[in-house]
Amino acid sequence: MADRPNILFILTDQHAQRVAGCYGDGIADTPNLDRLAETGVTFDNAYCPAPLCVPSRMAMMSGRYPDAIDCYGNHETLHTDIPTFAHSLAMAGYHTALVGRMHWLGPDQTHGFHERRVGEVGPTWAGGKAPELGPVAPARGSKGPSFSCSGIGYTAHHYFDEDVTANACALIDAIKQKEQAPFCLMASWFLPHQPYVAEQDDFEFFR
């Protein structure tokens, strides 16, 4: 299996490259990411193909520019007949799994992954009603509730990300317990996407 190594693909939302110790930030405290960077692969010269979430993610998954897949805005759907790298890995004998957010709209919520755990933090169809996340849900503009409520606290997004972490760890442990094909696990968290609400310890550390 040396020629087909296991793959752990970590994705965070709105996390600028520079805000991590492994990329030279002397203030950001990211020990776990730093340890992974020492033994794994980091993107040192990568650029988002679009300034919006959905087309950027869909381009990454398909390996094609947004205009080639008709995906220009956050209301777009990746057509189910467009292959992704998950399809390619599956054809190469990998077991593929997605845990957490991918911002896919439409009925196809796997796009080549064999399994998916946790799911989305928002609606899975264009124009759909977002789940109730309390007063910090609206995140548009610089004067909305997301910013006025920012500070110390705990939001539904924290619970979502904890669920992603627990499921990703459980899946890795389950895979380690049995002999099977090489795996590709994509673990995708919502944070540090706004609202910028920090736990007490983190708030005090960086204040």
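Taking the convex hull of the Cα atoms, report for region 71-124 its projected area averaged over all directions, in nm².
Numbers: hull surface 15.0 nm².
The orientation-averaged projected area of the Cα hull of region 71-124 comes to 3.8 nm².
Near residue 70, within a Cβ-to-Cβ distance under 14 Å, what is the net charge of the other residues, with Lys and Arg +1 and Asp and Glu -1?
-2
Below 8 Å, C-alpha to C-alpha, sequence gap of six or more: please give me the relative contact order for the chain in percent.
Over the chain, the number comes to 25 percent.
Scanning the chain for helices, which whole DSSP H stretches are 24 Å or more long along the axis (Cα) and average -0.5 or more by Kyte-Doolittle?
Result, helices passing both filters: 156-176.
Sorted by packing (mean other beta-carbon atoms within 10 Å per residue), highest first, where do 90-100, 158-168 land?
90-100, 158-168
Would you mind computing, in nm to one decimal, how far apart the modelled labels at residue 177 and residue 200 are, each placed 7 Å from Cα along Cα→Cβ?
Computed distance between label sites residue 177 and residue 200 equals 3.6 nm.
Order of 14-21, 66-73 by packing, highest average Cβ count within 10 Å first?
Packing proxy ranking, top to bottom: 66-73, 14-21.
Can you give the Rg to Rh ratio of the chain, both from alpha-carbon atoms, with Rh computed by the Kirkwood formula?
0.96
Any read-out appearing in this document is the output of simple, stated calculations on the displayed coordinates, not a laboratory observation. Small disclaimer: the values here were computed from a predicted structure and weren't measured. A quick note on method: Cβ atoms are made from the backbone with ideal geometry, for glycine too, and the neighbour counts reach across all protein chains shown.
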